[in-house]
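The values are calculated or read from the model by the stated rules, or taken from the named source; none is laboratory data. Just so you know, these numbers come straight off a predicted model, no measurement behind them. Neighbour counts run over all protein chains shown; Cβ positions are idealised from the backbone, glycine included. For accessibility, only protein heavy atoms count, side chains too; no ligands or nucleic acids. Shrake-Rupley method; radii C 1.70, N 1.55, O 1.52, S 1.80 Å.
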Amino acid sequence: MSNRIENAVVQNSANSAALYMESIVSPLSQELAHGDHLSVQASRALEEIFQTQPMRDRIVSYKFWKQGGLIAHASDPAIIGSSFQPTDDLRKAWAGEISGSFEELDHAESAAEAELGIPLLEVYSPIREIWSGEIIAVAEFYERSDQLEQDMARARRTSWLVVASAFVASSIVLLSIVAIGDNTIRRQGQLLNKRLSESEKMARQNAVLRSRVIEASERYAAQTDRFLRNLGSELHDGPAQYLSLAALRLEAAFPVGSEMPREAEEIQQSIQKSLAEIRALSRGLSAPDLENLTLADVVKRAVEDHAEHSPLRPEISYRGSQPPELSFSDKLCVFRFLQETLSNAARYAPSAQCNVRCQVESDSIAISVSDDGPGFDPADETILRNDGGQGLMGLRDRVESIGGRFEVASRPGNGTSITMTLFPRHMSVS
């Protein structure tokens, strides 16, 4: 901005000086249209003009240039006839432009003016032939420019003041924007921290509630199993014993070798069927004592109990660290999971190869039962069986009620894999 202002001021000053000087020197320099020097009369006339008080105070020196950098006439007679390398301003003047520069006296032909040590405006003005208008020479003037120097310094200060003011104003605006943004960000941050604290508090409350629900579900499952176990014992020790006694009495009522009446045979068959059903119910309701069993023992016990009344012989694989300490509900869930899945495998894939896999990690226990049987559509899992059973729905509910994960992977014709993953809350791996 400063440079543009300075250039504009210098050019305006140069234009003013050139127009003023052209009216004086143009009539006296027409001789240069036909030669490379001025006559004695023209030279003397120029010297008299530039020696007057107004011109002497204003113009320090002057030169008249011909093409190629030849000085045809000058206020310093010593350089008349000398040739110098044309400057950019001189070339512009030969092209018809008025050009000027301020305190740029670094050319060889300006050495004498530079030694004066005063501010000078260097002006190049084309001299045209009066009749044809062609440029016949270029007049160079060195005008004393003390006032111009002051004006340019003032313009420079003004431009810097404008720039500084704009910078300060923009900085204040930017600082205000940053301050407002910072306050907004701080408020938003405080609000977010508050909401985060509330969310964390709610998450802790939900975790506590979930833990309580799982504990209640575990207690309910344990109490239910104990009730069913007692009920199985009561069926086995009560009605089953009475039916056995009734069967013995009925056999004793008819001596060996004597024919038993048809009605008695039907009664005996009914008693035997009832006794078999009661014993089956008793076995289904009863579960072994799991309190003192490890995870491996629970798995082994469930597989052995299944093998007593089924031809299915699954292979057991156990991987991982030492089994953690499990609660009674966890052990019961493992036992019932294996009991139900092995029963389903024996029912729907009796001739298939079955595998039981246990994987113990630091924070989880995964047990899966897989076979290469006919498989099924997992969507059928949610359909109740015709016999009133819940299928896998009840097993899923049992696993998920204590915080576990239940997964079924099966497709018709591609076998079945059912996996249960438990996450015991108090695991101590030795």
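Taking amide H as placed 1.01 Å from N in the peptide plane, the amide H of L293 sits under 5 Å from none that are at least 5 places away or on another chain.
Here r is the Cβ-Cβ distance between L248 and K194 and R0 is 51 Å; the resulting FRET efficiency, rounded to 0.05, is 0.05. Taking θ as phi - 60° and the Karplus parameters 6.51, -1.76 and 1.60, the scalar couplings of the stretch 407-416 work out to 9, 10, 10, 7, 8, x, x, 10, x, 9 Hz in sequence order, x denoting glycine and proline. Residue-wise HN-Hα couplings along the stretch 259-273, as the Karplus relation 6.51 cos²θ - 1.76 cosθ + 1.60 with θ = phi - 60° gives them from phi, are 7, 8, x, 4, 4, 5, 5, 5, 5, 5, 5, 5, 5, 5, 5 Hz; Gly and Pro carry x. In a reduced charge model with +1 at each Lys and Arg Cβ and -1 at each Asp and Glu Cβ, the stretch 51-126 shows a dipole moment near 380 debye about its Cα centre. The length gained by stretching the chain between N292 and E103 to full extension, at 0.36 nm per residue less their Cα-Cα distance, is 57.3 nm.
Amide H contacts of S99: Y124, each under 5 Å away and 5 or more positions distant or on a separate chain (H built 1.01 Å from N in the peptide plane; Pro and chain starts excluded). A crude spin-label estimate for the pair S165 and M55, with each label 7 Å from Cα along the Cβ direction, gives 4.4 nm.
Neighbours of H73, meaning other residues whose beta-carbon lies under 11 angstrom from its beta-carbon, give a summed charge of -3 when Lys and Arg score +1 and Asp and Glu score -1.
Please give me, ordered by residue number, the chymotrypsin sites (Phe, Trp or Tyr not before Pro) of the stretch 112-209 that lie in loop per DSSP and have at most 14 other Cβ atoms within 10 Å.
Numbers: sites: Y124, W131, F141, Y142, W160, F167; in loops: W131.
For chymotrypsin sites (Phe, Trp or Tyr not before Pro) across the stretch 112-209 that sit outside H, G, I, E and B with at most 14 neighbouring Cβ atoms in 10 Å, the list reads W131.
Round to the nearest 0.05 the FRET efficiency obtained for A203 and A111 when R0 = 60 Å and r is the Cβ-Cβ distance. Plugging the Cβ-Cβ distance into 1/(1 + (r/R0)^6) gives 0.10. Between N355 and S321, the distance separating the two model label sites (each 7 Å from Cα on the Cα→Cβ line) works out to 2.5 nm. In loop segments of the stretch 102-131 as defined by DSSP, the GluC sites (Glu not before Pro) with at most 13 further C-beta atoms inside 10 Å of their C-beta are E115. Surface exposure of the stretch 46-158, expressed per residue as accessible area with a 1.4 Å probe, stands at 51 Å².
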